[in-house]
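The values are calculated or read from the model by the stated rules, or taken from the named source; none is laboratory data. Given the structure is predicted, the values throughout are model-derived calculations rather than measurements. Reconstructed Cβ throughout: ideal geometry from the backbone, glycine too, with neighbour counts over all protein chains shown.
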Amino acid sequence: MIKEHAPVLVILVPLLSAVLVPLVGMLRNRFCWHVAFAATHVSFLLSGLLLFRVQTNGKISYRLGGWEPPWGIEYVIDELNSFVLVTIAFIGFLATLYARKSVVAEIEPVRIPAFYSIFLLFLAGLLGIVITGDIFNLYVFLEISSLAGYALIAASRKREALLASYNYLILGTIAATFILIGIGYLYMVTGSLNMADLRERLPALYHSKVVLTAFAFFSVGISLKLALFPLHVWLPNAYTYAPSVVSAVMAATATKVGAYVLFRIMFTVFRVEFDLEVVSITSILLVLSSAAIILGSVLAIAQTNIKRMLAYSSVGQIGYIVLGASIVNETAMTGSLVHILNHALMKGTLFFIAGCVLYRTGIEDIAGLRGMGRRMPFSMAAFTVAGLSMAGVPLTVGFVSKWYLALGALRADLWYLVPVILVSSLLTAVYFGRIIESIYFGRAEDGHSSGSLSRERMHEAPTGMLVPALLLAVLCLVFGISASTTVGYAEAAARLLLGGR
Amino acid sequence: MEPLQSAIPLYVVSVSLAASLLIACSRKAPNLREFWTVGAACLKFVLVLSLIPPIVRGHIIECPLFTVLPGLAMHFRVDALGIGFAATASLLWILTSFYSISYMRSLREHAQTRYFTCFAIALSAATGVAFSGNLFTTFVFYEIITLCTFPLVAHKESAEALRGARRYIVYLLGTSIAFQLFAILLAYHAAGTLDFRNGGIFPASVSAAYLAIVFMLFVAGIAKAAVMPFHSWLPAAMVAPTPVSALLHAVAVVKTGVFVIFKVILQIFGVDTLMRIGAGIPLAYVASFTILAASVIALRKDNLKARLAYSTVSQLSYIVLGAALLSPSSIIGGFAQIILHAFGKITLFFAAGAIYVATHRTEISQLDGVGRQMPFTMGAFAVGAFSMIGIPPFGGFLSKWYIAIGTLEASALPILLVIALSTILNACYFMPIVYRAFFRSPLPETDSHHTPGHDSSPSVRRRIHEAPALMVIPLVLTALATVVFFFMPSLVLDLAKIVSADALGGRLR
Amino acid sequence: MEFIAGKYNYWIYVALMMIGFYAMIAKGNLIKKIIGMNVFQTAVFLFYISIAKVREGTAPILWDRTVLYDNPVPHVLILTAIVVSVSTTAVALALIILIYREFGTMEEDEILRIQKNGSAVPPGKPE
C-alpha cells in the first residue's frame, strides 16, 4: 500500500499534518513540533524510497485518483525529480529538527502552531512542484509554497520582514501569473496540460508565435522565482529578515525548486533543440548566469550582515546552477544538478549556523563573529567547512560541482567560462576567508589579550540546533570526498534531460 | 620494474595526521604533547626510510586510496623524486621539533598547541604531495598545506602578522585556484587523466599552443615555488615564528612548490613534449631572472630573516632552472638542490632563530661580534652560508655543479653566466654577515632594537651566551649534514640519477 | 482591422494586464498595489475564459441534446486560480495590516524611511 501510493503520500503527509498541527496546537502548544517532525520524517523516508525505486526500476508514473494521464493529473518520478525530491525532503526534515529551539527564540509563542502548519504547507508545496507531471498542478503547488513562504518570512519578529515579505509577494505573484499565462498559451495551442504529452505535441508548433510567447512568459516568470540575476531583488531582504530556519530552508530548497522548474520546462516540456535552435535561450542564460556568479560574489563581499551576505552569495550560486544548464552538455548539466544538492548542503549549514549564533549571542553582523571560534567551536567548525566548500576547496562538495561545471564548459569549447567560475571561487574565498580569519584570529571586543587559555567560556548552541548543522557540514565533506553516488544520480538525471547530448 | 603495492605511504602521511589529533587533545599536558610531536616525527622518518631500499632498486610503490569522482582519485605513488623530498622533510621535522619546542618555550609563546597541531598537519600534507600519484592528489595536499600553515604564519596574531598571513594566503590560494586549477582542468580535458607518468600524459595530437598555455598556467599557479613575479608571499610569511620559517618556508612549503613543478615538467608534460613545444628554455630564463633579481634584493635587506627569505626565492629558482633545462645533469642538479638547499637553508634559519632567542636581535646591522658570543650558532651559520654559495667542501656545491653541467648539455651558455654571477651575489650577501659576526667588535648593549615586551638579559657581551642546547644541537647537525653530503654524494645522487633516468628513459631506450 | 477586432478578447486582456502590472510596479501605496495585482490576475482569468469559448457553444453541461459546448477545462483551471488569487490577496492584506500596525502608514517610501531612520510609531497602535 505504502509502496504503491508513496508518490502521493510524500505530499499528502505534510499537507494533512499542516491541518492537524493547529488542532493539536489547541490542545498542547508543544506537541505541534512533534507532529511536524513526524510528518517531515515520514516524507523524507518516502522520498528516499522513491529514489531507491527509481534507481532500481526506472521511472514511476502515478495516476492521481486513477485518471488516465493526458486528462487526469499524473505524478511522474524519474531520475531528475527523485533526486531533487530527496534533497528537499531531507533539508525539510533537518530544518524541522532545527526549528524546535530556533523558533522559540525568533517567533512569538502564540504563532508557533501556525508557523509549523505553514511550514508544512510550504514543504508540501515544494515537494508537489517537484513530483507532479502536470503543468497546471505545478502552478498550484507553486502558489501553495509561495503563499506559505510569504507568511513564513513575515513570521519573523523583525519589522523589516513585513515589507520584505510584501515585496516578495508582489514579485512572486507576478512570476506565478506569468507562469499561468504561459500555461494558458500552451493549453491554447495543444489542448494538453500533461508535461509528457506536451513534449510530444509541441515540436510541430515550435515556430508558432503563441508557443514562443508562452516560452517567454515561462522564462521570465521562473527566473523571477529562482532569483536569477537581475531578477533577484526580492531575495536579499527576504532572506535577511526571515527567521533563521526559514532563511535556511528557503535558501536550500525554494530557489532549487525554481531551478528544477526551469530545467523541466526548458528540457522536458520543450526540447533541447528548441532551446538551442529556435529561441537560443541558452545563450541569454549563459550571460545572465555568468553575471549572477560574479556580481553575487562581489555584492556578498560588500555586506556586513551575515544573513544578507549569505543571501547575495545565494544569488551567485543560483548562477552556477543555471550556468550548467545553459552550457547544454551532459558534464555541465551534471555539475548543475549536483550543485542543487551541494548548495543545499552548504547554504543550509551556513544559515543554520547563522541562526545558532543569533540564538546564543544575538549577533547578526559579521564583525560580531570576531573570536567566536572559542565561544562556539563546533558551530564555527561547521561554518568553516561550509565556507571552504563554498570557495570550492577540494574534498568538499563545492569542488565537485565546480569541477563538473568547468569541465563541461571546456568540453563545450566555452573556455572563457572557466575564469568566470574560478574568479568567483576566489571572490567567495575572500568573503569567507575574511570571516574565518576573524572567527579564529580576531579578538572579541571585550576580550583580554593574554594567555593561551580560552578567553571566553565556551557556550555552544543547543544540541537540537547544532546537530542538524553539523550533520549538513559533515555531508559537505562526505559527498565531497566520495562524490560518486551523488554525481551518479545527477549524471542519470542529466542524461534524461539532455537525451545523450 | 613492476610497481609494488604497499600501504606504507598512507601510514607515513597519517602518522603526523594522527599526531595532530593527539597533540590537539593534549592541550593540558605540554610534555605529552611534545612527546607526540617527536614520536610522530621519528616514526614518520623510519617509515620513509623503509621505503627507500625498494625505490633505489628501481621499484615504484603504489597505494591507491579512494575515488572522489570518476576520473579523480586520491592515489599515492612513490618514486625516487617523491621519496627524496619526503625523506628530507621528515628528517628535518625531527630536528625542527626539538628546535621548536625549545624555541617556543624559551619565548613563552602563546597558542603552542595550535602551533604544533598545524605543524604536524603541514608535514602530513607535505609528504602527501611527495607521494601523490596524480595531480588531483597533489592539488588537494597543496591546498591543505596552504590552509594549515596560515595559523602558523599568523601565529603572533598581531596586525602585522595578520597582514603578512593574509598576503601569504591570498597569493598561494589565489594563484592555485585561478591558475593551477585552471591548468589542471585544461590538462584533464586534453589528456583525460591526471596520473603522473614518466614521459607525460598528453597525446601527440594536442596542439603546441594549448600545451604552452597549460604550462604557463601551471608555472603561474604553483606560487609556492616563488618564481617571480609570484614570490612576494615568501618575505611576507617571515612574520611567522622562526621554526616555521625554517621548516616550512625553507623546506616543506617552498619545496612542495618546486617539487610540483618538477612533477609537472617531468611527469605531466614529459621532457619530450616540452622539447617539442620549446617551453623549457623560456622558463629557464624566467628562473634565471628570479635568481639574480632576488639576490640583488637580498643584498639590500637588513633584516636577517628577510635576507634569508630572498635568498630562498633565489635558490628555489635553481631547482626550477634545473628542471626547465631538461637535460640529464640539470635534472640531477635540480633534484639535489631540493635536498641540499633544505639542509643549508634550515641551518641558516635555525641560526637566525637562535640569535633571536639569545639576544633578541633581528637585524644584520646588530650582529657585530655575535660570533664570539655564539660560536656554535654562527659557525653553523657560516657553514650553511658556504653551502648556499656553493663552495666546495659543502653540499651546495654538488647541485650547482650539476646544474652548471646541465646548462652546457642544454647549450644554454647565458645561463651558465647567470649561475656564476649569482654565486658572486650570494657571497656578497652572506659573507658580510659572517664577517660582522666574527670580526667586528660587539655593539654596546644600549641598543634599543629589542623586541618590545621582552627583557633581554644584560651584560652578556664577551661571555659565551648560546641559545638553549636543544636549539643549537639541531642547527649544528644540519650544518654537519651539508658537509657529509659533499663527502658522501651518493646519498643524494643515487636517487637523483634514478629521477633523471626515469624522466629521460623514453629517449634512452 | 480584422487583426484588432477579430481578437478583441486578447486586446482587452492585454490592456487590463498592463494596467494591473503598472499599478503593482509603480504605485507606492500598498493597497493600490494589491488592487493592481487583482486587476492583473483577473485579466489572466479573462484570457483563460475567452480561449475556452467555442463559437456557438453552450455552457458545458452534460445534457443529451447538446453537441457543441465550450471547453470546460479552462473554467476549472480558473476556479482554482481564483482560489489562489483570493488567498494571495488575503495574505497580502494580512501583511498590510501588520505593516500598518507597525509603521502607521501604507506608503512604501515612508515605511522605508522609518526603517532607515529607526523612528517608530508606537507599536500596536492602529488608528
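Look at segment B:1-58 and say how many of its residues are among the acidic types (Asp, Glu) and either assigned to a helix (DSSP H, G or I) or closer than 20 Å to B:THR88 by Cβ (or both).
Going through segment B:1-58 one residue at a time, the tally reaches 1.
Can you tell me how many residues in segment B:353-389 are surrounded by fewer than 24 Cβ atoms within 10 Å (Cβ to Cβ), at negative phi and of a type in the set (Gly, Ala, Ser)?
Looking only at that region, the number is 5.
Given (1) facing chain C (nearest Cβ under 10 Å); (2) within 27 Å of A:VAL19 (Cβ to Cβ); (3) among the aromatic types (Phe, Trp, Tyr), identify the lone condition not met by A:PHE115.
A:PHE115 satisfies every listed condition except (1).
Being in contact with a helix residue (DSSP H, G or I) (Cβ under 6 Å, 6 or more places away or on another chain) and part of a helix (DSSP H, G or I) is the requirement here; does B:TYR188 meet it?
On the way: in contact with a helix residue (DSSP H, G or I) (Cβ under 6 Å, 6 or more places away or on another chain): no; part of a helix (DSSP H, G or I): yes.
No, not satisfied.
When only residues in segment C:58-96 that are within 10 Å of chain A (Cβ to nearest Cβ) and over 19 Å from the mean Cα position of the chain (by Cα) count, which is farthest from C:MET24 (Cα to Cα)?
So the residue we want is C:ASN71.
Pick from segment A:469-488 the residues that are closer than 17 Å to A:ALA99 by Cα and surrounded by fewer than 24 Cβ atoms within 10 Å (Cβ to Cβ): which of them is nearest to the other protein chains (Cβ to nearest Cβ)?
A:LEU470
Please verify whether C:ILE111 is of a type outside the set (Asp, Glu), buried (at least 16 other Cβ atoms within 10 Å of the Cβ), touching a residue at least 60 places away in the same chain (Cβ under 8 Å) and assigned to a helix (DSSP H, G or I), treating the condition exactly as stated.
no
Are any of the residues in segment B:63-72 away from chain A (no Cβ under 14 Å) and either surrounded by 15 or more Cβ atoms within 10 Å (Cβ to Cβ) or over 30 Å from A:GLY488 (Cβ atoms) (or both)?
Scanning segment B:63-72 turns up at least one residue that is away from chain A (no Cβ under 14 Å) and either surrounded by 15 or more Cβ atoms within 10 Å (Cβ to Cβ) or over 30 Å from A:GLY488 (Cβ atoms) (or both).
Mind listing whichever residues of segment C:97-118 are touching a helix residue (DSSP H, G or I) at 6+ places or on another chain (Cβ under 8 Å), more than 7 Å from every other protein chain (Cβ to nearest Cβ) and β-branched (Val, Ile, Thr)?
C:THR105, C:ILE114 - these are the residues of segment C:97-118 that are touching a helix residue (DSSP H, G or I) at 6+ places or on another chain (Cβ under 8 Å), more than 7 Å from every other protein chain (Cβ to nearest Cβ) and β-branched (Val, Ile, Thr).
Among the residues of segment B:152-166, are any facing chain A (nearest Cβ under 10 Å), in a loop (DSSP other than H, G, I, E, B) and surrounded by 22 or more Cβ atoms within 10 Å (Cβ to Cβ)?
Among the residues of segment B:152-166, at least one is facing chain A (nearest Cβ under 10 Å), in a loop (DSSP other than H, G, I, E, B) and surrounded by 22 or more Cβ atoms within 10 Å (Cβ to Cβ), which makes the answer yes.
When you look at A:ILE60, is it touching a strand residue (DSSP E or B) at 6+ places or on another chain (Cβ under 7 Å), within 14 Å of chain C (Cβ to nearest Cβ) and over 26 Å from A:ALA227 (Cα atoms), yes or no? Full working, then the answer.
On the way: touching a strand residue (DSSP E or B) at 6+ places or on another chain (Cβ under 7 Å): yes; within 14 Å of chain C (Cβ to nearest Cβ): no; over 26 Å from A:ALA227 (Cα atoms): yes.
The answer is no for A:ILE60.
Can you name the condition, by its number, that B:ASP368 falls short on among (1) out of contact with any His (no Cβ under 9 Å at 6 or more places or on another chain); (2) assigned to a helix (DSSP H, G or I); (3) not small (Gly, Ala, Ser)?
(2)
Restricting attention to segment A:132-154, does a residue exist that is modelled with pLDDT under 90 and at the interface with chain C (Cβ under 8 Å from one of its Cβ atoms)?
no
Would you mind stating whether A:SER146 is farther than 23 Å from A:VAL269 by Cα and out of contact with any Phe, Trp or Tyr (no Cβ under 6 Å at 6 or more places or on another chain)?
no
Determine whether A:LEU123 is farther than 28 Å from A:GLU364 by Cα, within 18 Å of the chain's Cα centre (by Cα) and more than 9 Å from chain C (Cβ to nearest Cβ).
So A:LEU123 fails the test.
Give the residues of segment A:270-303 that are within 22 Å of the chain's Cα centre (by Cα) and either among the small types (Gly, Ala, Ser) or buried (at least 23 other Cβ atoms within 10 Å of the Cβ) (or both), sorted by residue number.
A:LEU285, A:SER289, A:SER290, A:ALA291, A:ALA292, A:ILE293, A:GLY296, A:SER297, A:ALA300
Which members of segment C:41-63 meet the condition of being among the aromatic types (Phe, Trp, Tyr) and either closer than 15 Å to A:VAL189 by Cα or part of a helix (DSSP H, G or I) (or both)?
C:PHE45, C:PHE47, C:TYR48
If you go through segment B:131-143 one residue at a time, do you hit one that is under 18 Å from the mean Cα position of the chain (by Cα) and away from chain A (no Cβ under 14 Å)?
Checked against the condition, which is being under 18 Å from the mean Cα position of the chain (by Cα) and away from chain A (no Cβ under 14 Å), segment B:131-143 yields at least one hit.
Enumerate the pairs (first residue in segment B:396-409 and in contact (Cβ under 8 Å) with a residue 40 or more places away in the chain; second residue anywhere and outside any helix (DSSP H, G or I) and hydrophobic (A, V, I, L, M, F, W, C)) with beta-carbon separation below 7 Å, excluding pairs fewer than 6 apart on the same chain, so at least 6 apart or on different chains.
So the pair list comes out as B:PHE397/B:ILE391.
Just checking, which of A:GLY499, A:GLY442, A:GLY464, A:GLY451 is at pLDDT below 90 and closer than 30 Å to A:THR282 by Cα? Write out each step before concluding.
Working: A:GLY442 fails: closer than 30 Å to A:THR282 by Cα; A:GLY464 fails: closer than 30 Å to A:THR282 by Cα; A:GLY451 fails: closer than 30 Å to A:THR282 by Cα.
Sole residue among the options that is at pLDDT below 90 and closer than 30 Å to A:THR282 by Cα: A:GLY499.
Does any residue in segment B:310-331 that is acidic (Asp, Glu) come within less than 8 Å, Cβ to Cβ, of a residue that is at pLDDT below 90 six or more places away or on a different chain, and which pairs are these?
none
Assess whether B:VAL46 counts as being of a type in the set (Val, Ile, Thr), in contact with a helix residue (DSSP H, G or I) (Cβ under 6 Å, 6 or more places away or on another chain) and either crowded, with 24+ Cβ neighbours inside 10 Å or free of Cβ contacts under 8 Å to residues at least 12 places away in the same chain (or both). Spell out how you get there, then give the answer.
On the way: of a type in the set (Val, Ile, Thr): yes; in contact with a helix residue (DSSP H, G or I) (Cβ under 6 Å, 6 or more places away or on another chain): no; either crowded, with 24+ Cβ neighbours inside 10 Å or free of Cβ contacts under 8 Å to residues at least 12 places away in the same chain (or both): yes.
Answer is no for this residue.
From the list B:ARG77, B:ARG57, B:ARG105, pick out the single residue that is basic (Lys, Arg) and within 23 Å of B:PRO151 (Cα to Cα).
Working: B:ARG77 fails: within 23 Å of B:PRO151 (Cα to Cα); B:ARG57 fails: within 23 Å of B:PRO151 (Cα to Cα).
B:ARG105 is the lone residue from the list that is basic (Lys, Arg) and within 23 Å of B:PRO151 (Cα to Cα).
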